[in-house]
Amino acid sequence: MLYVVNLFGDGVRYWMCNPASPTWEPLHSFKKKHKLRWDQLLFDLSLLNELGFAHWSELATSPEQTGFVLSQNNRIELKKGGRFLEKFRADELYNNRTLFPRFQTDVLQSEHFIEKPLFLFQLETGLIAKYTFEATDFRLDELRFGLTKPLANEEDLLLTEISYAGLILLKVKEDTVVRGLRIIE
């Protein structure tokens, strides 16, 4: 039987960059010469184009990452075919610290090894992710939610991975609207 996990609400798409790399030298010069902030330079695609880049993602040290914000306004739906099995708030994944938790969660290690990284965040709203998987005898305790803290000095965790029966689920759909852009140094 086909099962579906939908993540609705707010999420982020982010890129980690290393501003100390040689690729960034023309950006540093241009920024200093025109007295710009990083957000004014990196999120202006015409300026980036002048410097030989089509998009800020070209400056990232690793592929883009996505995360689902664990807030009480965001919701997760689990369906079997077209029928709801579970519907719950995203913050229940982390705030549910009981002796026998309802959901299986793992806090995953972040893979950021740059000494002074620069993070480019794109804030999004909508269907952040849709995952599908096949199972003959579904068990909720086989569904695991991987949480990651992208910024070492921040407390916020993001839902970045879902697995079932030990297999990581691949995102099959997303439908979002970009609400804003942010840089964190």
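Is there a residue in the stretch 129-151 that is touching a His at 6+ places or on another chain (Cβ under 9 Å) and either at pLDDT below 85 or of a type in the set (Ser, Thr, Tyr) (or both)? There is at least one residue in the stretch 129-151 that is touching a His at 6+ places or on another chain (Cβ under 9 Å) and either at pLDDT below 85 or of a type in the set (Ser, Thr, Tyr) (or both). Within the stretch 119-153, the set of residues being of a type in the set (Gly, Ala, Ser) and exposed (fewer than 14 other Cβ atoms within 10 Å of the Cβ) comprises just one member, Ala152. Does Arg179 meet the test of being more than 21 Å from Lys87 (Cβ to Cβ) and in contact with a strand residue (DSSP E or B) (Cβ under 7 Å, 6 or more places away or on another chain)? Against the criterion (more than 21 Å from Lys87 (Cβ to Cβ) and in contact with a strand residue (DSSP E or B) (Cβ under 7 Å, 6 or more places away or on another chain)), Arg179 qualifies. Scanning the stretch 63-86 for residues that are acidic (Asp, Glu) and out of contact with any Phe, Trp or Tyr (no Cβ under 8 Å at 6 or more places or on another chain) turns up just one, Glu86.
Residue count for the stretch 109-128, restricted to those that are part of a loop (DSSP other than H, G, I, E, B) and either farther than 22 Å from Thr23 by Cα or modelled with pLDDT of 95 or more (or both): 2. How about the stretch 20-58: which of its residues are of a type in the set (Asp, Glu) and either assigned to a helix (DSSP H, G or I) or surrounded by fewer than 12 Cβ atoms within 10 Å (Cβ to Cβ) (or both)? Hits for the stretch 20-58 are Glu25, Asp39, Glu50, Glu58.
The values are calculated or read from the model by the stated rules, or taken from the named source; none is laboratory data. In this text the structure is predicted, and so the values were computed from the model without any measurement. Virtual Cβ from ideal backbone geometry, glycine too; neighbours counted across all protein chains shown.
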